[in-house]
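Only one structure is covered here, and it is reproduced in the block below.
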Amino acid sequence: MLISGRGSNLQSIIDAVAAGDLDASIAVVISNRADAQGLSRARAAGIEALHVNPRDHPDRDSYDRAIAAALTARGVELVCLAGYMRLVGQPLLDAFPQRILNIHPSLLPAFPGLDAQRQALEHGAQVTGATVHLVTAALDGGPIVLQAAVPVLPDDTVETLSARVLIQEHRLYPEAIRIVLGGCWTLAGRRFVREATS
Ligand code: GRF
């Protein structure tokens, strides 16, 4: 898992694995920021936690190659971004084709990029939500795996709306990982299509 901060989505995945709701193991948590709270959450759960400092690398590609190498060395099969505040470059995309997930706090393609909850509020949207999607070179633009809708209430602030969206994020991400790891899906163009299971 790649993170940059608080790590509440990371925690929801740690908890889902611990509860037996998600048949997976978290090989490593990597942050581009040394002070990410998520690193402490990982260590508390006995998961290897690394700070990989962008300043130790001359450019973005070299940083992404270092991340890809660290993940590959640990036998990672699926990379999950959770509040990872960096663009994923081509070296990392190439190392994990269709194997990188991200969670975004809006109903994509509405409100990509930063401050999605503020964007929804200021736009006057009456419904927003959360999206788990495959990561491509397009920012928040990859195939949609799962979404959940959240109503925007008349007296919402960015904080109250974000808190309600986050509840859905924590439910959605472990479920999306389960679906993707399950492997019964294909891409039809940019549509993520789940195969019927008996
Ligand atoms: C979440 O809202 C996620 O959707 C967005 O960044 C936030 C990360 O929160 N990409 P956390 O670090 O998982 O608590």
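Computed from the coordinates by the stated procedures, all read-outs in this text should not be read as laboratory data. Nothing here was measured: the structure is a model prediction, and the numbers come from that model. Here the Cβ is made from the backbone with ideal geometry for all residues, glycine too, and neighbour counts use every protein chain on show.
Filtered by the rule that a residue be more than 19 Å from Leu134 (Cβ to Cβ) and within 16 Å of the ligand (Cβ to nearest atom), the range 39-84 gives Leu39, Ser40, Arg41, Ala42, Arg43, Ala44, Ala45, Ile47, Ala49, His51. Filtered by the rule that a residue be touching a Gly at 6+ places or on another chain (Cβ under 6 Å) and of a type outside the set (A, V, I, L, M), the range 132-146 gives His133, Thr136. Restricting the range 137-154 to residues that are buried (at least 17 other Cβ atoms within 10 Å of the Cβ) and under 30 Å from Gln90 (Cβ atoms), which is nearest to the ligand (Cβ to nearest atom)? Only one residue tops the list, namely Asp140. Note on the range 150-165: among residues that are in contact with a Ser or Thr (Cβ under 8 Å, 6 or more places away or on another chain) and assigned to a helix (DSSP H, G or I), the one that is farthest from Ala120 (Cα to Cα) is Val165.
Regarding Gly182, is this residue of a type in the set (Gly, Ala, Ser) and under 23 Å from Tyr84 (Cα atoms)? In short, no.
Kindly indicate whether any position in the range 111-122 is more than 16 Å from the ligand (Cβ to nearest atom) and within 30 Å of Thr157 (Cα to Cα). Yes - at least one qualifying residue is present in the range 111-122. When Leu181, Leu172, Leu121, Leu166 are checked against the criterion of being crowded, with 18+ Cβ neighbours inside 10 Å and within 21 Å of Ser25 (Cβ to Cβ), a single residue qualifies: Leu172. Among the residues of the range 17-50, the one identified as part of a loop (DSSP other than H, G, I, E, B), among the polar types (S, T, N, Q) and buried (at least 18 other Cβ atoms within 10 Å of the Cβ) is Asn32.
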